[in-house]
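The values are calculated or read from the model by the stated rules, or taken from the named source; none is laboratory data. Remember, predicted model here, so these are calculated numbers, not experimental data. Glycine gets a Cβ as well: all are built from the backbone with ideal geometry, and neighbour counts include every protein chain shown.
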Amino acid sequence: MPQINPALTLARTGIAATLALLAVGASAQTVLKIGYTPAKDSHYWVGSTTFCAEIEKNTQARYKCQQFPSSALGGEREQIEAVQLGTQDAVITSTGPVGNFVPEIKVVDIPFLFRDYDHARKVFDGPIGQELLTKFPAKGLVALTWTENGFRHMTNSKRAIVKPEDAKGLKVRTMENKVHMDGYRTFGILPTPMAFPEVFGALQQGTVDGQENPIPVIISSKFWQVQKYASLTGHVYSPALLLVSTRLWGKLSDADKKVFLDAAKVGTAAQRKKVDEDDANGVALMEKEGMQVVRNVDKTAFQEALKPAYAAYAKEFGAENIKKIQDVR
Ligand code: EAX
């Protein structure tokens, strides 16, 4: 019996596989880089994984993804810039820094603008949301769909927050988002803008007392390791977007564009479902991990406090544009 050299056999199999692939000819495979800040298994990961699986399936694997969760490609602003340049193919990002690129979308970041998830999802899936997506190409970005981060809640290391007075004087990390910062100042907190990859360390070192994020982000980031108190303030809805580079988009056939757009819709549905699940189960997990969670937040007091900011928002965005969003039922 001749000795079989396993390395050689492997190399031959590899060559055979490569030749087989080449034989298929035109079906070369493009691997897309898609990134986001939350961890593997988070709502973003579920959305991205679903989107990528749909694309792979419906392009017969001519396109597939390499995913970069946990800020592996940087913070949201950095990733949007990379998508703009075309060095990154896709990003799922909250609207946090997006208003700095596409000012028209800032209006959706107003605190207490959306009553609940149904309201928000209806606005983003409806004419207002879809019209906003058309503003991106002029800024060198293609927005495939609105997706979702969730209603944001406050956490901190100092005390339980029930009403704005309790939040007064706390140094709270915010996104790089002026609409949020202007609003949060009326709650008495000291907003400190910071990119997401720095947040955990800043909380750990006490550079800031707190942060605010949806439950899916709080649990996938294990913020209980560095935060004692959580309050279900739900003070702002945090939309998200799936953005791709114009470089990628320009290369796609019309049929492939449709595949990507359909895949984005399926991804959004999956991401929202995960947000719903995390919101339903996350508080119990946070408590189990040692957080003290305030459920009976005085939301009316927070909305009262926000009134001066609303006057400024009306000036900036037009009272009728705010009302148009509020009136969606
Ligand atoms: O999009 O920066 C944030 O707090 C965002 O909520 C997070 O990056 C997920």
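Observations on the structure shown:
- Test: residue in segment 259-269 that is over 28 Å from Leu85 (Cβ atoms), modelled with pLDDT of 95 or more and in contact with a helix residue (DSSP H, G or I) (Cβ under 9 Å, 6 or more places away or on another chain): yes
- Checking each residue in segment 103-145 for being of a type in the set (Gly, Ala, Ser) and without any contact (Cβ under 8 Å) to a residue 60 or more places away in the chain picks out Gly129, Ala138.
- Among the candidates Glu54, Glu81, the residue that is surrounded by fewer than 21 Cβ atoms within 10 Å (Cβ to Cβ), modelled with pLDDT of 95 or more, within 16 Å of the ligand (Cβ to nearest atom) and assigned to a helix (DSSP H, G or I) is uniquely Glu81.
- Residue satisfying condition, being modelled with pLDDT of 95 or more and within 11 Å of the ligand (Cβ to nearest atom), within set Pro38, Pro103: Pro38
- Annotation note: of Leu144, Leu132, the sole residue that is modelled with pLDDT of 95 or more and not in a helix (DSSP H, G or I) is Leu144.
- Residue tally, condition surrounded by fewer than 21 Cβ atoms within 10 Å (Cβ to Cβ) and either part of a loop (DSSP other than H, G, I, E, B) or within 14 Å of the ligand (Cβ to nearest atom) (or both), over segment 182-200: 9
- Annotation: of all residues in segment 111-127 being touching a helix residue (DSSP H, G or I) at 6+ places or on another chain (Cβ under 6 Å) and within 16 Å of the ligand (Cβ to nearest atom), the one that is nearest to Thr268 (Cα to Cα) is Phe114.
- When residues of segment 84-126 are limited to those that are part of a helix (DSSP H, G or I) and among the charged types (D, E, K, R), the one surrounded by the fewest Cβ atoms within 10 Å (Cβ to Cβ): Asp118
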